[in-house]
1. Working only within segment 429-448, note down all residues that are farther than 16 Å from Asp409 by Cβ and out of contact with any Phe, Trp or Tyr (no Cβ under 8 Å at 6 or more places or on another chain).
2. Being of a type in the set (A, V, I, L, M) and either within 17 Å of Val129 (Cβ to Cβ) or within 16 Å of ligand 2 (Cβ to nearest atom) (or both), is that true of even one residue in segment 35-49?
3. Criterion first (among the acidic types (Asp, Glu) and more than 18 Å from the chain's Cα centre (by Cα)) does Glu124 satisfy it?
4. Show the residue pairs that are 6+ apart or on different chains and have beta-carbon atoms under 7 Å apart, the first residue being within segment 144-167 and of a type in the set (S, T, N, Q), the second being part of a loop (DSSP other than H, G, I, E, B) and surrounded by fewer than 17 Cβ atoms within 10 Å (Cβ to Cβ).
5. Failed condition for Ser20, given (1) of a type in the set (Gly, Ala, Ser); (2) surrounded by fewer than 22 Cβ atoms within 10 Å (Cβ to Cβ); (3) more than 12 Å from ligand 1 (Cβ to nearest atom), with all others met?
6. Taking the conditions exactly as written (in contact with a Leu (Cβ under 7 Å, 6 or more places away or on another chain) and within 16 Å of ligand 2 (Cβ to nearest atom)), does Pro17 satisfy them or not?
7. Report every pair of residues separated by at least 6 positions or lying on different chains whose Cβ atoms are under 7 Å apart, first residue within segment 209-220 and on the phi < 0 side of the Ramachandran plot, second part of a helix (DSSP H, G or I).
8. Quick one: what pairs do we get from segment 97-123, first residue over 21 Å from Glu79 (Cβ atoms), second crowded, with 19+ Cβ neighbours inside 10 Å and among the polar types (S, T, N, Q), C-beta under 6 Å, 6+ apart or different chains?
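The values are calculated or read from the model by the stated rules, or taken from the named source; none is laboratory data. What you see is a predicted model; the values in this text were computed from it and never measured. All Cβ positions, glycine included, derive from the backbone under ideal geometry; neighbour counts span all protein chains shown.
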Amino acid sequence: MSIRNICCIGAGYVGGPTMSVIANECPEIRVEVVDYDKKKINSWNNLDLSKLPVYEPGLSEIIKKTRGKNLFFHENIDEAILKAQIIFLAVNTPTKLKGKGKGYAADLSNIEKCSKKIALVSKESKIVVEKSTLPVKTAEKIKEVLEKYSNNISHEVLSNPEFLAEGTAIKDLYKSDRVLIGSENTSSGQRALDVLMSIYKRWIPNKKILTTNVWSAELSKLASNAMLAQRISSINSLSPLCEYTGASIQEVSKAIGMDKRIGKEFLEPSPGFGGSCFKKDILNLVYLCRNYGLEQVAEYWEQVVKINEYQKNRFSEIIVRHFNGELQNKNISILGWAFKKNTNDSRESASINICRDLIKKNANINIYDPLVSKDRIFLDLKNIFQEVEKVSNYNPTIFKKINVFNNIDDCIKLSDAILILTEWDEFRNFNWSNYTKKSNQKPYIFDGRDVVKINITQNIYKLGNKIK
Ligand code: NAD
Ligand code: UGA
């Protein structure tokens, strides 16, 4: 089968960068990324490349090369489906907020809606590719929907989960550790697999393309995220023990990671992992285990999320304890709102929870992040108060004591405490010695990310441990 058109439904953090790379590597294929979010599509089409909806190092350069040539962003989903031979589903699959599995299972309504649309619109057989992260056995459901609404057309479903991390998406897409494709063991399944492989083979070495059955591919994605998050929770679980014993969590992490069998990746202690996926994917895994009666396994994985919540709360408590619970009129500066460096994404960022805790204690809060907008910061706070805290008569005046700054110097000018919550290079490269020498306030620095090197005279805490 020769591929002339690819469609991707979902122009988010996965759809945008992934399709940009495919378009860049396959200049003869027309790649159309569609979304029902008009505002997002307009941003993808913005001539000012600093205003793309997703920030990723290297992304704007690829968009500049491909957009309008063989890469297109638009809202006409039907038209894109009709023309395409391959359709990627890169829609969001958040945790269900109601119904069976509420709070754990993945909400598959976006996937179901897309599958129904593909079935109704298509006039010929399509290769439907699961790019979104999905519970094992979702391909079966997609097939059912496709069969129910199609007019005697048979479509093929492949699982091709995405392993990119935000902030390094382009690098990850070009230098993937593996590209995983699950297909059905039938002749049409094999044909679909060959077609998708022919796309990746343009830039991914053969030995890095791993083919499995559909269920293994679906489950491997959930399991990979669970394992990565588990390592972070493991190291974070030791940080309170360090606080009580005088060990340093940074030194312990380094010592553990130097063992080749363990390795140093994903052992960096933090005020809790964030991002849109770890928590949701583990909860999804927990739900699946419970569904099959595997209670011990479910409990094992759920603990990874529980330790993460504990760690976020612990960080807030350290600050509250430091001020003996008296934060009224204290000026607290928060450096970093993104859930990690080099992204404008703040979903599930530890900063949101920590800021919420300090707002409740009536502190004055000053925030600075190099990429997350002021509107996004206030929206995150509004959401946590309305949806999580269930503040029934949500009152925006509680935000009167919050100021968002557009540079680090103004943000930390009059601080009683500075919290470093994202590991941005700008914070690492900041001249802390100079600042603490000049500052009359002598603020305490609570470094959650091991950013500040300790050649300063200031009082400094690293994840709870008072270093100086
Ligand atoms: P996102 O929220 O950034 O983007 C999803 C997009 O899909 C949104 O723009 C939304 O408007 C659109 N959409 C939803 N339903 C639609 C429909 N019916 N028709 C048209 N558009 C629709 O989400 P994301 O971060 O890109 O994640 C997408 C999926 O990829 C999730 O399953 C996630 O778990 C997985 N994933 C994410 C990452 C990551 O780093 N963000 C990495 C690997 C896998
Ligand atoms: C993660 C995985 O790394 C990707 O492989 C996966 O594709 C993606 O989830 C997904 O499915 O969405 P991402 O969440 O973008 O990627 O970023 P990570 O680098 O994994 O960081 C997640 C969180 O863990 C961040 O808050 C980060 O600061 C934190 N972290 C990471 C630590 O606290 N310590 C570490 O050692 C590493």
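1. Lys442
2. no
3. Values: among the acidic types (Asp, Glu): yes; more than 18 Å from the chain's Cα centre (by Cα): yes.
When the stated conditions are applied, Glu124 passes them.
4. Between residues of segment 144-167 that are of a type in the set (S, T, N, Q) and residues that are part of a loop (DSSP other than H, G, I, E, B) and surrounded by fewer than 17 Cβ atoms within 10 Å (Cβ to Cβ), the close pairs are Ser154/Ser125.
5. Status for Ser20: all satisfied but (2).
6. Yes.
7. Ile209/Met197; Ile209/Tyr200; Thr211/Leu193; Val214/Ala139; Glu218/Thr138; Glu218/Ala139
8. Close Cβ pairs satisfying both conditions: Ala106/Thr93; Ala106/Asn284.
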